[in-house]
Amino acid sequence: MDGRKVHVKNRKREEMEVQQILHMNGGTGETSYAKNSIHEREAIIKAKHIVEGAILDLYCSVFPESLGIADLGCSSGPNTLLVISEIIDAISLQCCKLNRSWPEFRVFLNDLPGNDFNTIFRSLPGFYEKLKKAKGIDFGPCFILGVPGSFYGRLFPSKSLHFVHSSYSLHWLSQVPQGLEDEMGISLNEGNMYLVKTTPPLVFKAYLEQFQRDFSLFLKLRSEEIIKGGRMVLTLNGRRSEDPSSTECCSIWELMSQALNDMISQGAIEKAKLDSFNLPYYTPSVKELKAVIETEGSFTLQKLDIIEMNWDGNDNDDNKTIIFDKFTSGRTVANSIRAVAESMLATHFGEAVIDDLFLRYEKNVVEHLAKEKTKHINLVISLIKRE
Ligand code: SAH
């Protein structure tokens, strides 16, 4: 299989495609990201101490009059302004302690152009009002701006930022890796939308190399936009294992491939459709992530934490009194994956199959949870901009 020549498609076109079809479900309805992002919210809460540590270190070493902060892959919903609130709270408390006046806050919310920026913008007057109430009339000023575009391109003027945050976004690649088909155009990873145990080594290699290229480019671009000594805190799905097909990172998607295969066997979806669908997603190991940071060289890794979370975001350590049954958790997990992946799946397989697909997926998740409680592994890194 690995001796086969691979079929290389037009890289720029594939990148455009991902940018157009990848977006979380907008609005505030039942299937929206806003209503189904409790898991991602938990990750932000668990990484809070790392964000606070980094922003306070930065603030107390620079004392900027105007503080430039960016959240990359902000999406739309209750999580969007959560980190920004945490940062503002930490700085304003520190200003009170040191008896200093507030800095001016320049906050940039970035996501792909398909993101529901309108819902964010509509929530801003309420957010400003709350800030004024909590901090007093002379707080700020605080300017929040939307920046549509890919973080795999330049987004901000040179040396204009002090702090960059991103949560649950950098595991999304700029494009589906090349080389996932042989020269006849046949999928090397037949019947699967992501990596599994039987995936051939060439496909693992293509995914790893795409991640290395993307993450390295991301670091280089941010290094041009962040001042010397500036900080970044990034949380992304990763893995403890060196095996890129380990359960901790792949089961969640394998259960989706199973649902699609069921639909194929019942004639609801064509097999070729699944074979031509590959997720633009990668979960690096600690070693892979560190290697890119070191090779690229613009940032020093100050801290790396691993945060483990149950698939069901409600099922966290604080909720010890509630017993989470597999049916409720299965529904929560299916809804949260739907809010994330529906745009991509509907564009490829058609809107008509989505309800059926997610019912089957939910059933598969329930069956999986009955056997084992797999955890998501999140890597949280705190970086300092070098010279
Ligand atoms: N940070 C939010 C949203 C995470 S969902 C939270 O923690 O809840 C991931 C977000 O990353 C999506 O909104 C997606 O559109 C965005 N994203 C993915 N690739 C991106 C890219 N190349 N540039 C900008 N945003 C991207």
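The values are calculated or read from the model by the stated rules, or taken from the named source; none is laboratory data. Bear in mind the structure is a predicted one, so any value in this text is a computation, not a measurement. Because the Cβ atoms are built from the backbone with ideal geometry, glycine has one as well, and the counts that use them run over all protein chains shown. Calculation scope for accessible area: heavy atoms of the full protein, side chains included, ligands and nucleic acids excluded. Shrake-Rupley method; radii C 1.70, N 1.55, O 1.52, S 1.80 Å.
Of note:
- Any hit, the range 233-248, residues being farther than 25 Å from Ser166 by Cβ, out of contact with any Phe, Trp or Tyr (no Cβ under 7 Å at 6 or more places or on another chain) and of a type in the set (D, E, K, R): yes
- When restricted to residues that are within 23 Å of the chain's Cα centre (by Cα), under 15 Å from Phe143 (Cβ atoms) and in contact (Cβ under 8 Å) with a residue 40 or more places away in the chain, the range 97-118 contains 3.
- Residue identified as within 23 Å of the chain's Cα centre (by Cα), closer than 20 Å to Val176 by Cβ and either open to solvent by 10 Å² or more (accessible area, probe 1.4 Å) or among the small types (Gly, Ala, Ser) (or both) among Asn278, Asn261: Asn278
- Checklist (1) crowded, with 23+ Cβ neighbours inside 10 Å; (2) near the ligand (Cβ under 10 Å from one of its atoms); (3) among the β-branched types (Val, Ile, Thr) applied to Ile55, failing item: (2)
- All of Ile322, Ile337 fail the test of being of a type in the set (Val, Ile, Thr), modelled with pLDDT under 90 and out of contact with any Asp or Glu (no Cβ under 7 Å at 6 or more places or on another chain), apart from Ile322.
- Scanning the range 98-117 turns up one or more residues that are within 12 Å of the ligand (Cβ to nearest atom) and aliphatic (A, V, I, L, M).
- Looking only at residues in the range 350-384 that are among the β-branched types (Val, Ile, Thr) and more than 18 Å from Thr328 (Cβ to Cβ), the one that is most open to solvent (accessible area, probe 1.4 Å) is Ile384.
- The residues of the range 83-97 that are surrounded by fewer than 17 Cβ atoms within 10 Å (Cβ to Cβ) and within 16 Å of the ligand (Cβ to nearest atom) amount to a single one, Ser85.
- Qualifying residue in the range 134-147 (condition: without any contact (Cβ under 8 Å) to a residue 40 or more places away in the chain, under 23 Å from Trp172 (Cβ atoms) and open to solvent by 20 Å² or more (accessible area, probe 1.4 Å)): yes
- Filter result for Phe121 (without any contact (Cβ under 8 Å) to a residue 60 or more places away in the chain and not in a strand (DSSP E or B)): yes
- For the range 58-79, taking the residues that are of a type outside the set (Asp, Glu), open to solvent by 20 Å² or more (accessible area, probe 1.4 Å) and more than 16 Å from the ligand (Cβ to nearest atom), the one that is nearest to Gly149 (Cα to Cα) is identified as Ser66.
- Hits in the range 123-133 (condition: open to solvent by 20 Å² or more (accessible area, probe 1.4 Å) and under 23 Å from the mean Cα position of the chain (by Cα)): Ser123
- Residues (modelled with pLDDT of 95 or more, away from the ligand (no atom under 12 Å from the Cβ) and open to solvent by 10 Å² or more (accessible area, probe 1.4 Å)) located in the range 157-179: Pro157, Ser158, Lys159, Ser160, His162
- Of all residues in the range 36-52, those that are of a type outside the set (A, V, I, L, M, F, W, C) and surrounded by fewer than 19 Cβ atoms within 10 Å (Cβ to Cβ) have Cβ atoms under 7 Å from Cβ atoms of residues that are part of a helix (DSSP H, G or I) and at pLDDT 90 or above, 6 or more apart or on another chain, in Arg41/Leu82; Lys48/Glu86; Glu52/Glu86; Glu52/Ala90.
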